[in-house]
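Report on the following structure.
The values are calculated or read from the model by the stated rules, or taken from the named source; none is laboratory data. Treat the numbers as computed from the prediction; the structure is a model and nothing was measured. Please note: Cβ atoms are built from the backbone with ideal geometry, for glycine as well, and neighbour counts cover all protein chains shown.
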Amino acid sequence: MVPLQPLLLPVLVALGVGCLALGVASFVGWVYLDARAHGRSSRSAVAWAVVALFGPMTLVYLLLVRPRAGPREYPPTRRERGTLAFALASVGAMVLGATLSPPDPLTQVLYLTAFLLVTLPVAALAVSGTVRRRLGEALR
């Protein structure tokens, strides 16, 4: 790894921690928006968003509650797709950072920012549905 200037390192770490916090916030926001789109009350949606902060408990929402929530009341909005894309990109960047970076938490945070630049366009394409439509047309 290239040695970093002593003054630049705290700035890069703060940027990585900020990206991580923004990823968690976008996931919580997506859970709230998804719950509202499935007809949940505002209180129920806020409760699920708070539950989303505690990682494994979110699986309860995704696996048990969401499939039984019924059809959406309206199609996904641009804001909902954006929050989902950033949340997926953050998870992908964390997995890549944990897998490919040295086993140092500081280095993993630094790599997170770089990997986020790679995973964000991929997640945006995956969420947009454009790729799915084009693949479906190509396979026909």
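Given the criteria within 16 Å of Ala21 (Cα to Cα), without any contact (Cβ under 8 Å) to a residue 12 or more places away in the chain and of a type outside the set (Phe, Trp, Tyr), does Gly92 qualify? When the stated conditions are applied, Gly92 does not pass them. Pairing each residue of region 95-111 that is of a type in the set (D, E, K, R) with any residue that is in a helix (DSSP H, G or I) and modelled with pLDDT of 90 or more, provided the two are 6+ apart or on different chains, yields no C-beta distance under 7 Å. So, in region 59-84, of the ones that are touching a Phe, Trp or Tyr at 6+ places or on another chain (Cβ under 8 Å) and modelled with pLDDT under 80, which residue ends up farthest from Arg40 (Cα to Cα)? Only one residue fits best here, namely Tyr61.
Scanning region 8-27 for residues that are more than 18 Å from Arg78 (Cβ to Cβ) and under 17 Å from the mean Cα position of the chain (by Cα) returns Leu15, Gly16, Val17, Gly18, Cys19, Leu20, Ala21, Gly23, Val24. Report whether or not Pro67 is in a helix (DSSP H, G or I) and over 29 Å from Val13 (Cα atoms). Yes; evaluated as a whole, the condition is true for this residue. From the list Thr99, Thr83, the one residue that fits, being exposed (fewer than 13 other Cβ atoms within 10 Å of the Cβ), assigned to a helix (DSSP H, G or I) and polar (S, T, N, Q), is Thr99.
Of all residues in region 40-61, those that are in a helix (DSSP H, G or I) have Cβ atoms under 6 Å from Cβ atoms of residues that are modelled with pLDDT under 80 and exposed (fewer than 14 other Cβ atoms within 10 Å of the Cβ), 6 or more apart or on another chain, in Val51/Met57.
Here Ala25 meets the list (1) more than 17 Å from Leu84 (Cβ to Cβ); (2) at pLDDT 85 or above; (3) among the small types (Gly, Ala, Ser) almost entirely, failing just condition (1).
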